[in-house]
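For reference, the structure is listed below as structure tokens.
The values are calculated or read from the model by the stated rules, or taken from the named source; none is laboratory data. Keep in mind that this is a model prediction, so the values were computed, not measured. Counting neighbours? That spans all protein chains shown, and the Cβs are built from the backbone with ideal geometry, glycine included.
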Amino acid sequence: MKILITGGAGFIGSHIVRLFANKYPSYQILTLDALTYAGNLENLADVLALPNHRFIKGDITDGVFISALFAAEAPDAVIHLAAESHVDRSIEDPLTFVHTNVLGTVHLLRAARALWQNPNDGTYAAAGRNLFYHVSTDEVYGSLPLEVPPDSSSKFTESSPYAPHSPYSASKAAADHFVRAWAATYDLPVKISNCSNNYGPYQFPEKLIPLALDRLRRGLKVPVYGTGKNVRDWLYVGDHADAVDVVFHEGREGETYNIGGGEEWANLELVKVLCGVFDEVVGARAGGSEVVVDVEGRIEFVEDRKGHDLRYAVDCGKIRGELGWSPKVGFREGLKKTVEWYVANEGWPERVTSGEYKEYYERQYGVRG
């Protein structure tokens, strides 16, 4: 089987490429990435030389390129992750998110159908092998109230209505709808998963956890939006890659699966815990004793994000019940693994951040990246 993984040099994509390339040596893995500011070949350094893996640089918004790529490579399946993904950037530049996340997805859908579908009878050339798997976000569902009812039923399910609040989530919702439209209109074999917040190694430092770690390492205060009460459901990225593996191979065609960690944390409480784990890891590496954490002095409250959703949380009963998947890495264990990786690879943020990102960072926080 030949699988095209788009956005494979990004954070989540690189973990999925690594898993598939190592776990399935009989598969041919093609990684497609435009290598914009958040995609970097350093994320794939340990898989680039594998005999069943090949990297292709290209942009999903270039329809001519995508059509030629599908014609030349003839992938059996697509795992689609390529996307603009940072909410703050979508507020500054929504059109780029529409262009990449919506139009790019449609280019891929058109190319997949043109390659796989028999124009005479509408059947697909490799039944059971052809699959367009779209990896999406829980943000398409909108926001939940902070007050959780006693039965904890206030979570998004696969049947929850879409109510995106940011240009980013609106663009991902539109992409989800186009994937379903291709399934309904052209019988394209598809699957979709909507995942909660990921964290772990190789995450670009614009996101909360790697941004906080980078600033802690440099002795700077960690910015927290508003009051810090906004809640997110956190999932270790390795567990997400495992879930994608399970959905790809065992999920039902045409279905959507929510993927979450079941670890809801307010942003402020997360940063407090992160400060403690950071000091423990740094202290252990230095051979010192446990560090007393000055949490309050290391946090800086900043103006809240426009349209900041209060709470995300997904119900994972479907993927757990149908496919037997559940996260293996607990939140504190995952945080420690993450901190250890960033401390051991402290030069990584500088190597992967472009001038474009550093200018954005300065606009946001008044400090050069």
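Residues that are part of a loop (DSSP other than H, G, I, E, B) and over 16 Å from the mean Cα position of the chain (by Cα) within the range 184-199 comprise Asp187, Leu188, Pro189, listed in sequence order. Of all residues assigned to the range 244-251, at least one qualifies as being more than 13 Å from the chain's Cα centre (by Cα), farther than 18 Å from Val339 by Cα and outside any helix (DSSP H, G or I). Does Gly251 satisfy the criteria of being modelled with pLDDT of 95 or more, surrounded by 14 or more Cβ atoms within 10 Å (Cβ to Cβ) and farther than 30 Å from Asp187 by Cα? When the stated conditions are applied, Gly251 does not pass them.
In summary, strands (runs of 3 or more DSSP E) completely within the range 1-64 and bearing 1 or more residues that are within 19 Å of the chain's Cα centre (by Cα) and at pLDDT 95 or above occur at 2-6, 28-33. Of the residues screened, Asp138 is not one that is modelled with pLDDT under 95 and either of a type in the set (A, V, I, L, M) or at negative phi (or both).
Those helices (runs of 4 or more DSSP H) of the range 68-119 in which 2 or more residues are within 20 Å of the chain's Cα centre (by Cα), closer than 16 Å to Tyr133 by Cα and touching a residue at least 24 places away in the same chain (Cβ under 8 Å) occupy 104-116.
Checked against (1) more than 17 Å from the chain's Cα centre (by Cα); (2) buried (at least 21 other Cβ atoms within 10 Å of the Cβ), Thr157 passes all but condition (2).
Which of the following residues is under 28 Å from Glu158 (Cα atoms) and either charged (D, E, K, R) or touching a residue at least 40 places away in the same chain (Cβ under 8 Å) (or both): Tyr236, Tyr202?
Numbers: Tyr202 fails: under 28 Å from Glu158 (Cα atoms).
After applying the criteria, what remains is Tyr236.
Residue-level check: of (1) small (Gly, Ala, Ser); (2) more than 20 Å from His240 (Cβ to Cβ); (3) modelled with pLDDT of 95 or more, Ala82 misses just (2). For Ala175, the stated conditions do not hold, so it cannot be described as aliphatic (A, V, I, L, M), modelled with pLDDT of 95 or more and either surrounded by fewer than 21 Cβ atoms within 10 Å (Cβ to Cβ) or part of a loop (DSSP other than H, G, I, E, B) (or both).
Within the range 1-48, the set of residues being small (Gly, Ala, Ser) and on the phi < 0 side of the Ramachandran plot comprises Gly8, Ala9, Gly10, Gly13, Ser14, Ala21, Ser26, Ala34, Ala38, Gly39, Ala45.
Of all residues in the range 211-236, those being of a type in the set (A, V, I, L, M) and in a loop (DSSP other than H, G, I, E, B) number 1. Between Ser166, Ser143, the distinction of being touching a helix residue (DSSP H, G or I) at 6+ places or on another chain (Cβ under 9 Å) and crowded, with 17+ Cβ neighbours inside 10 Å belongs to Ser166 only.
Closer than 18 Å to Trp182 by Cβ, out of contact with any helix residue (DSSP H, G or I) (no Cβ under 7 Å at 6 or more places or on another chain), surrounded by fewer than 16 Cβ atoms within 10 Å (Cβ to Cβ) and not aliphatic (A, V, I, L, M) - does that describe any residue in the range 110-119? Looking for residues that are closer than 18 Å to Trp182 by Cβ, out of contact with any helix residue (DSSP H, G or I) (no Cβ under 7 Å at 6 or more places or on another chain), surrounded by fewer than 16 Cβ atoms within 10 Å (Cβ to Cβ) and not aliphatic (A, V, I, L, M), one finds at least one in the range 110-119, hence yes.
Taking the range 4-58 as the range and being buried (at least 23 other Cβ atoms within 10 Å of the Cβ), of a type in the set (Gly, Ala, Ser) and more than 17 Å from Glu84 (Cα to Cα) as the test, only Ala21 passes. Based on what the data block shows, is Ser136 surrounded by 18 or more Cβ atoms within 10 Å (Cβ to Cβ), part of a loop (DSSP other than H, G, I, E, B) and under 20 Å from the mean Cα position of the chain (by Cα)? No, not satisfied.
Of the residues making up the range 37-66, those that are under 25 Å from Lys23 (Cα atoms), among the charged types (D, E, K, R) and without any contact (Cβ under 8 Å) to a residue 60 or more places away in the chain are Asp46, Arg54, Lys57. Within the range 305-356, take every residue that is crowded, with 16+ Cβ neighbours inside 10 Å and among the hydroxyl-bearing types (Ser, Thr, Tyr) and give me the one that is modelled with the lowest pLDDT. Taking the candidates together, the pick is Thr353.
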